[in-house]
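Notes follow once the structure below has been shown.
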There are 2 protein chains.
Amino acid sequence: MDVVLDNTDLQILDRMQANARISNADLARELNMAPSAVLERVKKLEQKKVIQGYTTQINPATIQQKLLAFIFIRSSEGFTCSSNTAQALAAIPEVQEVHHIAGEDCYLIKVRTADSSSLMTLMRNQLQKIPNIASTKTTIVLETVKEQQQLVIPKI
Amino acid sequence: MDVVLDNTDLQILDRMQANARISNADLARELNMAPSAVLERVKKLEQKKVIQGYTTQINPATIQQKLLAFIFIRSSEGFTCSSNTAQALAAIPEVQEVHHIAGEDCYLIKVRTADSSSLMTLMRNQLQKIPNIASTKTTIVLETVKEQQQLVIPKI
DNA sequence: TGTATTTCTGAATAAAATTCTGACAACACG
DNA sequence: CGTGTTGTCAGAATTTTATTCAGAAATACA
């Protein structure tokens with residue numbers, strides 16, 4: 001059940017993480033392999049769910065998402081963090097991440113909105129209407145220095 | 001200087017965010033346009049930096065990254081959050097996000113490691129050696145419910 | 001209304017993805 | 001040892017796609 005990745009797989013993942021749209025032919029050239037061999041590996045990585053998908057990174061400012069915030073959410077006393085709450089949070093498009101965390105708070109979510117006023121609107125109209133949410137603690141991001149998944153290649 | 005995106009652009013971004021490796025031909029079919037027209041738009045979105053890149057989402061558990069944590073970092077008294085500190089944080093591969101935040105703390109970082117012991121090692125050997133870091137406050141993620149950038153399509 | 005600009009279609013060409021066949025190596029096991 | 005199995009790979013053939021281009025349609029604007 002455990003997925004085993006050799007050095008070639010890691011090379012492929014490393015390059016595809018940096019550029020998901022690299023052509024299979026280019027990838028093959030970089031690895032000095034036949035395109036068919038590389039393609040076969042990529043397909044297997046997809047099947048084995050090592051590769052979960054390919055996404056396009058969009059400049060948030062250009063799509064009216066200039067504000068980024070992290071919000072800690074605490075459930076009402078006596079309520080365990082239910083998966084319903086998590087699902088309700090995840091259903092909101094502006095909510096880009098939902099993490100169930102250890103400690104007193106229940107969830108940490110990452111939210112993108114146009115500006116601070118639309119964040120307020122979101123919190124009033126969407127978050128507060130989700131059952132069992134007792135309180136929130138918001139952290140506003142002033143500037144993002146790095147935001148990128150990066151492969152940590154194990155020593156061979 | 002302001003980038004203007006029409007409905008077609010948003011359709012393209014929406015589909016490419018869901019699958020960055022969709023073929024230009026398929027995209028054109030979905031939008032009922034000629035491939036050349038779609039390709040032209042994608043190239044422009046790249047030039048205008050609306051599209052910042054294409055990445056592959058890798059299942060963290062398969063590459064020995066089973067632990068996810070958020071760490072709040074506070075600078076030493078009397079030190080403003082310097083960009084040097086941010087750069088030092090960003091240079092660590094396990095540190096996947098670095099946000100400069102409002103409030104008493106300076107930075108919020110997102111870290112992925114194999115397990116809690118390797119997180120401890122990272123904090124001792126890497127974080128604590130960065131100058132001007134006074135204290136850290138760590139939040140361990142138990143379960144991630146959602147983690148995906150999602151396009152918020154404006155009403156047309 | 002005329003003109004410039006942008007965006008599109010459709011066809012041609014170059015390049016790439018995909019499929020397939022068979023070779024080769026590593027391995028398990030009788 | 002020999003044999004069958006499995007997994008990986010290269011190379012060629014075929015299908016599909018990316019890319020380029022000329023000109024038509026649409027749009028903006030003076």
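The values are calculated or read from the model by the stated rules, or taken from the named source; none is laboratory data. All figures in this text were calculated on a predicted structure; none of them were measured in a lab. Neighbour counts are summed over all protein chains in view; Cβ atoms, including those assigned to glycine, are modelled from backbone coordinates with ideal geometry.
Observations
- Among residues of segment B:1-13 that are within 15 Å of DNA strand D (Cβ to nearest atom), those with a Cβ under 7 angstrom from a residue that is modelled with pLDDT under 90, sequence gap 6+ or separate chain, pair up as B:Asn7/B:Ile156.
- Residue pairs meeting the criteria (Cβ under 6 Å; at least 6 apart or on separate chains; first more than 14 Å from A:Leu10 (Cα to Cα), in segment A:31-44; second within 8 Å of DNA strand D (Cβ to nearest atom)): A:Pro35/A:Ala28
- B:Gln149 being within 24 Å of A:Ala114 (Cα to Cα) and assigned to a loop (DSSP other than H, G, I, E, B): yes
- Taken over segment A:51-89, the criterion of being assigned to a helix (DSSP H, G or I), crowded, with 20+ Cβ neighbours inside 10 Å and free of Cβ contacts under 8 Å to residues at least 12 places away in the same chain is satisfied by A:Thr62, A:Ile63.
- Any chance B:Leu142 is within 26 Å of A:Val95 (Cα to Cα), in contact with a helix residue (DSSP H, G or I) (Cβ under 7 Å, 6 or more places away or on another chain) and not basic (Lys, Arg): no
- Residue count for segment A:1-44, restricted to those that are more than 7 Å from chain B (Cβ to nearest Cβ), under 20 Å from B:Gln17 (Cα atoms) and of a type in the set (A, V, I, L, M, F, W, C): 3
- Criterion violated by A:Gln96 - all others in (1) free of Cβ contacts under 8 Å to residues at least 40 places away in the same chain; (2) more than 7 Å from every other protein chain (Cβ to nearest Cβ) satisfied: (2)
- Count - residues of segment B:23-50 that are assigned to a helix (DSSP H, G or I) and of a type in the set (Lys, Arg): 4
- Failed item, numbered, when B:Val111 is tested on (1) touching an Asp or Glu at 6+ places or on another chain (Cβ under 6 Å); (2) assigned to a helix (DSSP H, G or I): (2)
- Qualifying residue in segment A:8-22 (condition: in a helix (DSSP H, G or I) and exposed (fewer than 13 other Cβ atoms within 10 Å of the Cβ)): no
- Applying the criterion of being closer than 26 Å to B:Gln148 by Cβ and of a type in the set (Ser, Thr, Tyr) to the residues of segment A:1-54, the residue that is nearest to DNA strand C (Cβ to nearest atom) is A:Ser23.
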